[in-house]
1. Taking the range 95-120 as the search range and keeping residues that are farther than 18 Å from A33 by Cα and either small (G, A, S) or in contact with a Pro (Cβ under 7 Å, 6 or more places away or on another chain) (or both), which one is surrounded by the fewest Cβ atoms within 10 Å (Cβ to Cβ)?
2. What number of residues within the range 113-131 satisfy the criterion of being in contact with a strand residue (DSSP E or B) (Cβ under 6 Å, 6 or more places away or on another chain) and closer than 18 Å to F174 by Cα?
3. Counting only residues that are hydrophobic (A, V, I, L, M, F, W, C) and in contact with a strand residue (DSSP E or B) (Cβ under 8 Å, 6 or more places away or on another chain), which one in the range 35-55 is farthest from R171 (Cα to Cα)?
4. Kindly indicate whether any position in the range 145-157 is within 13 Å of E110 (Cα to Cα), under 15 Å from the mean Cα position of the chain (by Cα) and modelled with pLDDT under 95.
5. Take G57 and tell me if it is surrounded by fewer than 23 Cβ atoms within 10 Å (Cβ to Cβ) and under 15 Å from P157 (Cα atoms).
6. Does Y162 qualify as being of a type in the set (S, T, Y) and in a helix (DSSP H, G or I)?
7. Can you tell me how many residues in the range 128-143 are in a strand (DSSP E or B) and in contact with a Leu (Cβ under 6 Å, 6 or more places away or on another chain)?
8. Would you say L69 is modelled with pLDDT of 95 or more, within 25 Å of D139 (Cβ to Cβ) and part of a helix (DSSP H, G or I)?
Amino acid sequence: MKAAYDEAKDCTRCALHQTRTTVVFGAGNADAALMFVGEAPGANEDRMGLPFVGQAGKLLDKLLSEIGLERTDVFIANVLKCRPPGNRDPQPREIESCQDYLRRQVDLIEPTVICTLGNFSTKLLRGDPTGISRLHGRDEVRVIGSRAVRLYPLYHPAAALYTPSMLETLRADFTRLPALLELGPPEQPPAAESLPAPEELDPAEAGLEAGGEPAPGSSSGEPGGTSEPDTPPVTVPDQPAAQLGLF
């Protein structure tokens, strides 16, 4: 993990290195069973070098405490390790340049559950453009890098701060986390198994389709829930960000 951090802190893979104050690599328990993945650092995070230290971070801490956990029990990271100027949305080139760091973190931490917070991390780690309003509160087994995890999309705390109904939905989805963690890690893919390169995948096999979903804040009438899949883990291919309906 230290080697990955040392590489990230001097990263110049995209133009964000020209405007950042510091790289926000991630923080928490490097052996955590529960990992959260947000979007990108904000101004406070850029200044302090830590993820989720503003109001959204305080809400995340509160939601964790309500299910008997603390920040030191989990690991928190973002899709991007550097702050986009003016807190704008991440751009395709930035996501493609940065996603390897996140996948390496998953391989090193070996979490049981990954909670994606909002649209960007959900679409990236699922390799699919379906939006958070349709997916929140629904767990599934996915292979991220070389590791099978229980992927659990959630609304982003920043969006829930300003929408009471979304906050209650986020709180309800959080209450399912202890039971999900108790299931333990899903069956892992064979260590020697080699995954096909992205260009060898048929778009239909990758589950990609045109279009996207509403950003956080949109209403959704679909109920949340957790279920154990009857099918083998789904591998998430490394796809260009623009193809995932992120923009």
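1. Applying the filter and picking the extreme gives E96.
2. 8
3. The first filter runs over the range 35-55 and keeps only residues hydrophobic (A, V, I, L, M, F, W, C), leaving 35-37, 40, 43, 48, 50, 52-53.
Going one step further and asking which of them are in contact with a strand residue (DSSP E or B) (Cβ under 8 Å, 6 or more places away or on another chain), we end up with 35-37, 40, 50, 52.
Numbers: M35: 17, F36: 15, V37: 17, A40: 22, L50: 24, F52: 17 Å.
Result: L50.
4. Yes, there is a match, as at least one residue in the range 145-157 is within 13 Å of E110 (Cα to Cα), under 15 Å from the mean Cα position of the chain (by Cα) and modelled with pLDDT under 95.
5. Yes, satisfied.
6. On the way: of a type in the set (S, T, Y): yes; in a helix (DSSP H, G or I): no.
Criteria not met by Y162.
7. Number satisfying all stated conditions: 2.
8. no
The values are calculated or read from the model by the stated rules, or taken from the named source; none is laboratory data. Being a predicted model, the structure only gives us computed values, none of them experimental. Here the Cβ is made from the backbone with ideal geometry for all residues, glycine too, and neighbour counts use every protein chain on show.
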